[in-house]
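Chemist: The structure that follows is given in the form of structure tokens.
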Amino acid sequence: MLLRVEEDAVGILTRNWLLRSHAMSTANEQSPYLLVLYYSRSGQTAEMAAQIGRGIARARGIEAKLRAVPPVSADTSTRLPEVPDQGAPYCTKEELRDCAGLAIGSPTRFGNMAAPLKHFLDGTGDLWITGALAGKPAGAFTSTGSLHGGQESTILSMMVPLFHHGMVLCGIPYSEPALSETTSGGTPYGPSHWAGTNTPQSLTHHEKTICQTLGQRLAELALKLKT
Ligand SMILES: Cc1cc2nc3c(=O)[nH]c(=O)nc-3n(C[C@H](O)[C@H](O)[C@H](O)COP(=O)(O)O)c2cc1C
């Protein structure tokens with residue numbers, strides 16, 4: 001197992017681990033990897049990404065690669081560093097092209113994915129035209145402020161462009177007991193987290209389990225589908 005997920009007290013990936021994973025994944029370009037691609041402004045979706053990484057780490061023969069997308073700004077001349085001060089390195093187009101599978105995550109924004117993730121996906125026309133992602137498994141995850149504030153619609157909104165890319169979409173089967181037992185987030189369409197509105201809450205045990213199930217499932221599917 002090449003990557004190790006470390007969390008600090010509030011469950012957010014440490015910068016050291018992220019930088020190490022960046023360096024290690026560069027050194028292991030030939031190893032198949034599951035890309036966990038996300039946008040997160042206040043850390044909740046990032047926490048889910050870390051748990052999905054844990055699930056991927058359960059599978060043998062495939063690694064997790066956590067990558068973020070940068071925020072969007074009206075000032076398009078601003079150049080952002082390749083590795084941000086906090087959180088995962090920003091994803092390159094090549095990292096998306098070469099993944100064996102994809103877990104994609106965003107906070108809910110008015111029942112939809114956040115603009116930075118949509119902006120990133122809107123720049124992938126060249127991958128669409130070459131069919132670079134066709135036949136690879138993918139799943140989606142989200143964090144919301146309210147329990148009924150659009151978890152399912154956001155997950156489905158992220159799936160729509162992935163269908164255009166020809167990806168094989170995968171959710172959470174009810175054979176995962178946490179899906180029936182959860183009293184917060186977790187949907188058959190993909191993992192979700194109910195963060196709350198005032199003081200954001202950490203992931204519950206069930207939410208973590210569902211994230212890990214998606215990671216493991218995608219990793220195993222990626223290995224089966226890989227030609
Ligand atoms: C502009 C905006 C729109 C939002 N829309 C919704 C929404 O439709 N439903 C909801 O439950 N939460 C909504 N939220 C709350 C976020 O989805 C929630 O705080 C999420 O956990 C943040 O994730 P992050 O920590 O990864 O950034 C919205 C937040 C912002 C700033």
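Computed from the coordinates by the stated procedures, all read-outs in this text should not be read as laboratory data. None of the values given here were measured: they were computed from a predicted structure. All Cβ positions, even for glycine, are placed from backbone atoms using ideal geometry, and neighbour counts span all protein chains on display.
Chemist: Describe numerically, in nm with one decimal, the distance between label points set 7 Å from Cα along Cα→Cβ at Gln86 and at Lys224.
Modeler: About 3.9 nm separates the two model spin labels.
Chemist: Let me ask something else. Mind sorting Tyr174, Tyr33 by how few other Cβ atoms lie within 10 Å of their own Cβ, fewest first?
Modeler: Numbers: Tyr174 8, Tyr33 23.
Ascending Cβ contact count within 10 Å gives the list Tyr174, Tyr33.
Chemist: Provide the percentage of antiparallel DSSP beta bridges, counting only those with both residues in the chain; round to the nearest 5.
Modeler: Details: 3 of 26 bridges.
So the antiparallel bridges in the chain amount to around 10 percent.
Chemist: Further question: Got a sec? Charge dipole of the chain, +1 on Cβ for Lys and Arg, -1 for Asp and Glu; which of Cys91, Ile129, Phe110 is way out at the positive end?
Modeler: Ile129
Chemist: Test of understanding: what is the full-extension gain from Trp128 to Asn198, defined as 0.36 nm times their sequence separation minus their Cα-Cα distance? The partial results should precede the final answer.
Modeler: On the way: separation 70, 0.36 × 70 = 25.20 nm, distance 3.99 nm.
Going from the current span to full extension adds 21.2 nm.
Chemist: Assuming 0.890 mPa s and 25 °C, estimate D for the chain with Stokes-Einstein, Rh taken as the Kirkwood radius over Cα pairs, in µm²/s. Could you put the intermediate results ahead of the total?
Modeler: Numbers: Rh = 17.2 Å.
For the chosen part, D equals 143 µm²/s.
Chemist: Here is a further query. How would you rank Glu152, Glu220, going from fewest to most other Cβ atoms within 10 Å of each one's own Cβ?
Modeler: Details: Glu152 16, Glu220 20.
The most exposed by this proxy come first: Glu152, Glu220.
Chemist: When a footprinting reagent is the concern and you count Cβ atoms within 10 Å, what order do Ser202, Ser146 take, fewest first?
Modeler: Details: Ser202 15, Ser146 12.
Taking fewest neighbouring Cβ atoms as first place, the list is Ser146, Ser202.
Chemist: Which of the chymotrypsin sites (Phe, Trp or Tyr not before Pro) across region 94-135 are loop residues per DSSP, with 12 or fewer other Cβ within 10 Å? Spell out each step's value before the answer.
Modeler: Numbers: sites: Phe110, Phe120, Trp128; in loops: Phe110.
Answer by residue number: Phe110.
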